[in-house]
Number of protein chains: 2
Amino acid sequence: MNSISPKTIERLILYRRILLGINPDEKSHIYSHELAKMTGFTAAQIRRDIMAVGYSGSPVHGYNTQAMINSISDFIDAPEVQNVALIGVGHLGRAVLNYFKGRRPKLSIVASFDNDESKVNRVIQGCRVIHTNELEKSIKEMNIQVAILTIPAESAQEIADRVISAGVKGILNYAPIKLHTPPDVYVENRDMIMAVEKAAYFARQKMSEESFYELHT
Amino acid sequence: MNSISPKTIERLILYRRILLGINPDEKSHIYSHELAKMTGFTAAQIRRDIMAVGYSGSPVHGYNTQAMINSISDFIDAPEVQNVALIGVGHLGRAVLNYFKGRRPKLSIVASFDNDESKVNRVIQGCRVIHTNELEKSIKEMNIQVAILTIPAESAQEIADRVISAGVKGILNYAPIKLHTPPDVYVENRDMIMAVEKAAYFARQKMSEESFYELHT
DNA sequence: TTAACGTTGTTATATTTTTCACAGCAAATA
DNA sequence: TATTTGCTGTGAAAAATATAACAACGTTAA
């Protein structure tokens, strides 16, 4: 049972995205160093990652783009469509719905929830809004395993508890709070405030690196 | 020049957030294992990270929350306020503005940009919208070093090039595309589609782990 | 006073992740 | 035919990251 690293998963998802953007009629094959250039990773790392999904390229032509997409998809995607719920139809929720809409055939945001009566039953970004009262019921009915939390920090833990009780196993958490969850639930945190702080910190680092080199040339 | 790892930076930002949420009158000190419980990291790792910022606790009382906040802040924050720009005042942009507003005293989103005439000059989430035509000019005038890109993938590279030409050193990129940037610019990618795919993948993993254990007990 | 306790700071160890380096191979070339 | 070329796949090495382990040390309690 050799588990694959989360970082590799992220990269594989990126490779697939890039490959999907290539017209196979114009370019049926691709070399690891070409993908490296496009993704910013190293060629060796790409070869390693590809190894992990069990696909092999040709030493002469490189990787067949279609075959590689298929291998990655076999590895990453579920055999059938996975249903996803989005909780919190504010600006962020709408943005996610909009970005995501129709992008991944094997993933479908089938329900959105909000406790704002004025939103309930409206269809927003192609998704009908259900009242949060119905959260557990709807999640069970629709067999939803993944939940996206685009709600304020104050309500995040409560909602997390509720979706988990209804059977959700993966949470994408945009609330700037550490969720307390059982070990059989995966949580991916996307803290926007932290992201800005991080970018600002490393921007500063880059600036000081620059002045360092200027001094030493 | 001992550089600190990005992972440690992320954790430090989280520690500070948690510490800021503690009332110092009720709890003036905290032990590494308490922070561990709250953050989900291990106590050893927390002690390590704290070491990196040069703060020391007491073997008896643990860490003084205020002193620790100050040490982390001295380490993470710039001495003066860093100015940040947000480009793309759609749903996502508004969400970021709203989440971020007033959260970090040393970071200020001082300008937002959009090329939709109907938004220009309106004040959205407390920030006046400037036309994208004025991007370079405004960034230089306001001495902005960090840019948040909440725009569609199609325009992301062009905008990135432009903000970099105007002096930006850190980019927080929400567009689902790999930006091509010079080495003296830091890019933090926050790809929402990928985040959903990742959460879905690991949700599935958790489910199969579970059935694995069920079979073997 | 002395011993036991519980925590930090830090060194050592383990683990994970990335990079290097090169054998092996088919095609192109001489 | 023999040689060169330029790729992949992968074992080995290196680098980065996390964990374990424990001395040192006030405090508490006997």
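The C-alpha atoms of chain A define a longest principal axis, and helix A:91-100 lies at about 50 degrees to it. Projecting 7 Å from Cα along the Cα-to-Cβ direction, the label point of B:E210 sits 5.0 nm from its equivalents in the other copies, listed shortest first.
Building the convex hull from the alpha-carbon atoms of segment A:6-76 and averaging its projection over directions returns 4.1 nm². Considered as an equivalent ellipsoid built on the Cα gyration tensor, the protein assembly as shown has semi-axes of 32, 29, 26 Å, the largest given first. Remark: label point of B:E134 defined 7 Å out from Cα along the Cα-Cβ vector; separations to the same position in other copies 4.6 nm, ascending. Between copies, A:V60 shows label-point distances of 7.8 nm, shortest first, with the point placed 7 angstrom from Cα along Cα to C-beta.
Give, as a single signed number, the net charge of other residues whose beta carbon lies under 12 Å from the beta carbon of B:V185, with Lys and Arg counted +1 and Asp and Glu -1.
-3
Largest first, the three principal axis extents of the alpha carbons in segment A:82-192 are 34, 29, 27 Å in whole numbers.
Distance from the C-alpha centroid of segment B:42-63 to that of segment B:144-178: 36 Å, rounded to the whole angstrom. Near the amide H of A:A111, within less than 5 Å, lie the amide hydrogens of A:V84, A:L86, all on another chain or at least 5 residues away, with H placed in the peptide plane.
When only the Cβ of Lys, Arg, Asp and Glu is charged (+1, +1, -1, -1), the dipole of segment B:75-121 relative to its Cα centre reaches about 240 debye.
Computed about the Cα centre, the dipole magnitude for the protein assembly as shown is approximately 60 debye when only Lys and Arg (+1) and Asp and Glu (-1) carry charge, each at its Cβ.
Near A:I46, within a Cβ-to-Cβ distance under 11 Å, what is the net charge of the other residues, with Lys and Arg +1 and Asp and Glu -1? My count for the surroundings of A:I46 gives +2. The residue of chain B whose Cβ sits closest to the rotation axis that maps B onto A, together with that distance in whole Å, is B:H91, 2.
With the convex hull drawn around the C-alpha atoms of segment A:49-94, the volume per residue stands at 123 Å³. Only lysines eight or more places from A:K119 in sequence, or on another chain, were considered; those with a Cα closer than 24 Å are A:K101, A:K137, A:K140, B:K119. Here A:K198 is the anchor, and the aspartates and glutamates within straight C-alpha reach of less than 14 Å, apart from those fewer than 8 places off in the same chain, are B:E10, B:D77, B:E188.
Helix-only arithmetic for the protein assembly as shown: the sum of -39500 (n - 2.57) across DSSP H runs with n ≥ 4, divided by the residue total, places the mean residue ellipticity at 222 nm at -14500 deg cm²/dmol.
Quick check: from the Cα gyration tensor, does chain A come out rounded (a/c under 1.5), prolate or oblate? Present the calculation step by step, with values, prior to reporting the outcome.
Values: a/c = 2.14, a/b = 1.38, b/c = 1.55.
It comes out oblate by the Cα gyration axes.
Across chain A, the mean sequence separation of Cα contacts (distance under 8 Å, 6 or more residues apart), normalised by length, yields a relative contact order of 13 percent.
Kirkwood radius for segment A:147-217, taken over all pairs of different Cα atoms as the inverse mean of 1/r, rounds to 14.3 Å. For segment A:68-97 versus segment B:1-25, the spacing of their alpha-carbon centroids is 31 Å.
Quick note: the coordinates plus some simple rules give every number you see, no bench work behind them. On a predicted model such as this, the values are computed, not experimentally measured, just so you know. Positions of Cβ are backbone-derived with ideal geometry, glycine not excepted, and every protein chain shown enters the neighbour counts.
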